[in-house]
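The values are calculated or read from the model by the stated rules, or taken from the named source; none is laboratory data. Bear in mind the structure is a predicted one, so any value in this text is a computation, not a measurement. A quick note on method: Cβ atoms are made from the backbone with ideal geometry, for glycine too, and the neighbour counts reach across all protein chains shown. For accessibility, only protein heavy atoms count, side chains too; no ligands or nucleic acids. Shrake-Rupley method; radii C 1.70, N 1.55, O 1.52, S 1.80 Å.
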Amino acid sequence: MTRNLKFSTAIILILLFINPSFCMSLDDNPKIEKKVQKIISSMSLDEKISVIIGTGRTYTFSKITNPKGYPVAPGYLEMAARIKQYLPGAAACTAEYPELGISTQILADGPAGLRIYPTRENTDKTFYCTAFPTATMIASSWDTNLAEKIGKAMGNEVLEYGTDILLAPGMNIQRDPLCGRNFEYYSEDPLVSGKMAASMVNGVQSNGVGTSIKHFAANNQEKNRFTGNSVVSQRALREIYLRGFEIAVKEAQPWTVMTCYNKVNGTFAPQNYDLLTKVLREDWGFNGYVMTDWDSGDNIIEMVKAGNDLIAPGGQIALLYQLKEAVNNGELTEEEIDRNLARILKIMLKSPRYNKYEYSSSPDLKAHAVIARQAATEGMILLENKNRALPLSGEGKNVAVFGVTSYDFVAGGTGSGDVHEAYTISLMQGLENAGYKTDKKLSDFYLENHVEVKANNKVDDWSKPPVRELIIEKDKINTAAIDDDFALITIGRNAGEGRDRKPVAGDFYLSTVEKELVKNVSDAFHAKNKKVIVVINSGGVIETQSWTQWPDAVVVAWQPGQEAGDAVMDVLTGKVNPSGKLAISFPVLYSDAPSSLYFEGHDVPSTGDERPIVREIPRPASWEHIYSDDIYVGYRYYNTFDIPVSYEFGYGLSYTTFKYTNMKLSDSEFKDEITVSVDVTNTGEVAGKEVVQIYISAPDGKLEKPEEILGAFGKTGLLQPNETETLTFNIKSRDFASFDEATSSWIVEAGTYSVKSAASSLLIKQEVSFEVSNEIIVEKVNNALKPEVGFYKLSRE
C-alpha cells in the first residue's frame, strides 16, 4: 500500500515537472486566480483589448493595415507581425506581452490532423503532419478507446510543432446528407458525437495542449453560413444539437469552444448570451474560454457581453478601436473586459508556450502513421458481401482497376479540415504493396486522361457537380474481363468548407456514366465467373439503392487519411476483418431525409437595419434554415415513421458472425441508474470484433418520443471463433431523458421502458424492460434559446 502511494506520488511529480499546470483547476485554484488578477491589474486597457481581439490570420503573413488612421497602442503592430512568424501555417495567435507575463497562444486547424505549412524559408527541414481518417470514419469505428488513441497521437504533433490549441474536433450533427462539412463531423446521433469527441479531446489534451470543439451550435449546413439563422425548437436543441457538445464539455473539459457563424434562433452565436452563458457555462459548467469562428458576427460589443472571450482571428485595428470606445463611452465596463480576459489568461497558464516547453518539431510520424492505418481499417464498413466475395482469396492477383478516383484516391475533405501530409498511399500503391498487379492497358487509359479529369473535378461552378468519371468503351471492359482475375471500382466524392453538396446525379446520386460503369463491369466479369468489388471513397452519404445489386461486394472506405490504399487492402484481403458500422443512415432517396424539404433554407426579406458583419464587408442576403424535422433526425425519423432506408444507422457486415445471448438488467425497476449486460459470441470461422448498440424505447406520455434512441454502445475485443465476451453498460436517467420545454427540465416519464441489444437500429437481438414508477425530474436548466416565432415541426400526431 505504502509503496503504491509513493509510486503514484512520484508519477504526479514527474507530470508536474513536465507540465506545471497538471492537475490545476481553472476556477477553484486560488493561486491561479491570484496570478491572473495580478497580470490583469498591470495591464492597460489597450493591452487588455489586444489580447481579447487577437492579431490576425497567421497563415497569410499579411501585415495589419490601418487605412482609417485609428489610434494604435505603441508596439502593437510590431508585436502582431513578430508572432505571426512563430508557426507558419497556423490559423492565428493571441497577443503577447512578455514583460507582463503574457505569452501568445498559437491556434491551428484541424479535425483530421494538425494543419501547418510543411516547408519554410531558409531551411530544408520539413514539417509534415499526419493525415488521420476523417471524423465520419472515426465514428464508424464506434471505438472510443481508438478515438482517444488518435487524439493522443494528434496532440503529440500539436505539442511538438509548438502549437497550443488545436481547432478541433468538429462535432456538429450530420443532420442532412448534403452538408459539405459532414466529413469533419461524427454522426447523426448526439451520443456517438459526444462520446467520440470527448475521447478525442481527452486524447489530445493528455499532451498538455488544448482543443476547441466546434462549431457551437446548430451549424449543420454551409450555405450562407455567415448570416444564416438556424430556427430550432428548444427541445431539438437540447436533445440533438447541443447534447453532443454537452457530453464533450462534461466528460473532457476542452480548453476552448469555438462558436459558429450562423445565428441560433435569431442571434448570432458569438453574440448569444443564452447559448454561451446560460447553457454553456451555467448549465454545463464549462470553465475554458470561448472564441469566435474567423470573422464572425456583426457586433463585437454584444460578443463580449454574451461571453465570447476571444474575437478570432482579430488583427483589425477597427475592432480594437470599437472596444476601447465602447468602454470609454460606457457601452461596456472594464469589468466585462477583465472577466473575458481572465478566462483567456487561465488557459494561457496551462499552455506549452507559457510553460516554455522546448518543442522538437520532430514528432514520431512513423508511429502515428501506424495508428492512422489502424483507425482507417476500424472505420471501414462492409455494406454488401454476396456469396462471401470478400475477403479476397484464390481469385488470382491480376486486377482490373476502374474509376477515376481509384487513380486519385481522396484521403480527406477540403478547406480547414485538410492536412499537409508527406504522402498519401494511393489505392494503386496499396494494391501493389499487397502483391497485386493492375491491368496496365486499363491503368494507362485512366492515367493518360487523368490531368483533364482532375482539372474538371476542380471547376468553380458549384451549382453543377464536377465531372467525376470517364466514359470507357465496352470493348475495354470485356477485354479486361478476359485478361484479369477480378475488378475493382472506386466511386469517389469530395466536399468541404464553404459549400454544400447537391441532390443531383454526379453528387448524391451516381451519374449515368458511373452507373453504366458499375453495371457494364459487373455484367462482363460475372459472365466470366469473376468478382466485382466497389469501394465508396466519400466523406458522406451517397445513394446506393439503385446499383448495389450489381457488384459482389461494396465497402465504404470513407476518407481514410494518408494510409488510404494500404488500409483498404488490409480490409479487402482479410488482414483486418471489417468491424465498422454506420454512424449515419443511408436513405433510399434524398427526398426521404427528414431535413430535405427545408435544408437549403430560404431568403428573408430585409428589414433595412442590418449591420455589416465583423469583417467589415457587406452582409449577404439574410437567410433562414427551419429545422422542421425537430427531434426526428436520422434513425429517430426513419424508425419512428417507418421510412425504408438503403442501410440503417448502426449497420455493418463482418467476415464472421456473432450471437447475442444472456441479456440482463441489474433491476426490474429504475431508480438512479441501471446496468445492462449482454454476452456476444463469435459464431463464425475467423476472428472479429462486434459493435453492440443499446437502444431504449420510452412509453407514450405527455411528451412524444422517437421509436427508440441510442442509450449506450460498446465494442468487443478481437474475438476468436467460439469466444464469448460480456459487455456491460451503465444507463443513467440522463441517458434517456426527454427535454420538457414547459418546465425547462430533463424528465423521465413513468411507465415501461424497453431496452434492446442490437447489431443495428433495425437488427434487434434481444429485448428486456424496466419500470419507472414515478416521473423523474432529472435536471432543471435555464429557459434559454427560445425561437422568436412558432414554426412547423414534424410530429407523430
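Counting only protein heavy atoms and using a 1.4 Å probe, what share of the accessible area of the chain belongs to carbon plus sulfur, as a whole percent? Mind showing how you got there, number by number?
Numbers: 15150 of 30040 Å².
Carbon-and-sulfur percentage of accessible area, whole number: 50.
If you count only protein heavy atoms with a 1.4 Å probe, what accessible area per residue comes out for region 120-243, rounded to a whole Å²? Write out the running numbers ahead of the final one.
Working: 2220 Å² over 124 residues.
Computed with neighbouring chains in place, this is 18 Å² per residue.
Rg/Rh for region 672-794: what does it come to with C-alpha atoms and Rh from Kirkwood? Before the final figure, lay out the partial values.
Details: Rg = 17.9 Å, Rh = 16.5 Å.
Result: Rg/Rh = 1.08.
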*region 637-702 versus region 508-569: alpha-carbon centroid distance in Å*: 28 Å
*Just how many % of Cα pairs in region 89-200 lie over 18 Å apart, if you round to the nearest whole percent?*
55 percent
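Region 104-153: which trypsin sites (Lys or Arg not before Pro) are DSSP loop and have at most 16 other beta-carbon atoms within 10 angstrom?
Values: sites: 115, 120, 125, 149, 152; in loops: 115, 120, 125.
Passing sites in region 104-153 are 120, 125.
Could you give the accessible area per residue of region 622-717, probe 1.4 Å, as a whole number in Å²? Walk me through the intermediate numbers first.
Details: 3320 Å² over 96 residues.
Result: 35 Å² of accessible area for each residue.
Can you tell me, using C-alpha contacts under 8 Å and at least 6 residues apart, the relative contact order of the chain as a whole percent? Write out the running numbers ahead of the final one.
Values: 1925 pairs, mean separation 112.6, N = 797.
For the chain, the relative contact order is 14 percent.
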*Given the chain, what percent of its DSSP beta bridges are antiparallel, to the nearest 5?*
60 percent
_lysines with Cα under 17 Å of residue 35, excluding same-chain neighbours fewer than 8 positions away_ = 48, 346, 350
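Cross-link list 366/441; 440/531; 214/305; 195/765: which exceed 25 angstrom alpha carbon to alpha carbon?
On the way: 366/441 34 Å; 440/531 19 Å; 214/305 20 Å; 195/765 23 Å.
Too far apart for the 25 Å limit: 366/441.
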_So if each residue of separation counts as 0.36 nm, and I subtract the Cα-Cα distance between residue 387 and residue 796, what length gain in nm does that give?_
143.2 nm
*Roughly speaking, what is the stretch gain from residue 734 to residue 42, that is 0.36 nm per residue apart minus the C-alpha to C-alpha distance, in nm to one decimal?*
244.6 nm
*Per residue, how much accessible area does region 517-613 show when a 1.4 Å probe rolls over the protein heavy atoms, in square angstrom?*
31 Å²
*Can you give the accessible area of residue 428, probe radius 1.4 Å, in Å² rounded to 10?*
40 Å²
*List the trypsin sites (Lys or Arg not before Pro) in region 641-674 that DSSP assigns to loop (not H, G, I, E or B) and whose Cβ has at most 12 other Cβ atoms within 10 Å. Which are they?*
671
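Can you give the FRET efficiency for residue 443 and residue 273, using 1/(1 + (r/R0)^6), R0 = 51 Å, r = Cβ-Cβ distance, to the nearest 0.05?
Working: r = 59 Å, r/R0 = 1.16.
My answer for the efficiency is 0.30.
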*Between the helical axis of 30-41 and the dominant principal axis of the chain, each derived from Cα atoms, what acute angle in degrees is found, rounded to the nearest 10?*
60 degrees
*Residues listed by number, region 34-74, amide nitrogen under 11 Å from residue 325 label point at 7 Å toward C-beta*: 70-71
*asked:* Students often get this wrong, so check it: of 397/530; 84/324; 664/732; 278/732, which have C-alpha atoms separated by over 18 Å?
replied: 84/324; 278/732
*What nm value, rounded to one decimal, do you get for the distance between residue 65 and residue 789 when each label is placed 7 Å out toward the C-beta?*
4.1 nm
*Mind giving me the FRET efficiency for residue 768 and residue 575? R0 is 45 Å, r the Cβ-Cβ distance, nearest 0.05 is fine.*
0.75
*Convex hull over the alpha-carbon atoms of the chain: what's its volume per residue in Å³?*
178 Å³
*Solvent-accessible surface (1.4 angstrom probe) belonging to residue 642, in square angstrom, nearest 10*: 130 Å²
*asked:* Can you compute the modelled spin-label distance between residue 497 and residue 603, with each label point 7 Å from Cα toward Cβ, in nm?
replied: 2.8 nm
_Reachable aspartates and glutamates, given that their alpha-carbon falls under 14 Å from the alpha-carbon of residue 223 and they are not under 8 places away in the same chain_ = 176, 497, 500, 600, 603, 624
*asked:* To make sure I understand the rule: partners must be aspartates and glutamates, Cα under 20 Å from the Cα of residue 515, and not fewer than 8 residues away in the same chain. Which ones qualify?
replied: 384, 408, 469, 473, 475, 507, 523, 543, 552
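Go ahead and run the numbers for FRET between residue 686 and residue 741, Cβ-Cβ distance against an R0 of 60 Å, rounding to 0.05. The partial results should precede the final answer.
On the way: r = 50 Å, r/R0 = 0.84.
Rounded to the nearest 0.05, the efficiency is 0.75.
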*Which is farthest toward the positive dipole end of the chain among 98, 537, 759, measuring Cα position about the Cα centre, with Cβ charges +1 (Lys, Arg) and -1 (Asp, Glu)?*
98
_Given the whole protein assembly as supplied and a 1.4 Å probe, what does the accessible area of residue 471 come to in Å², nearest 10?_
120 Å²
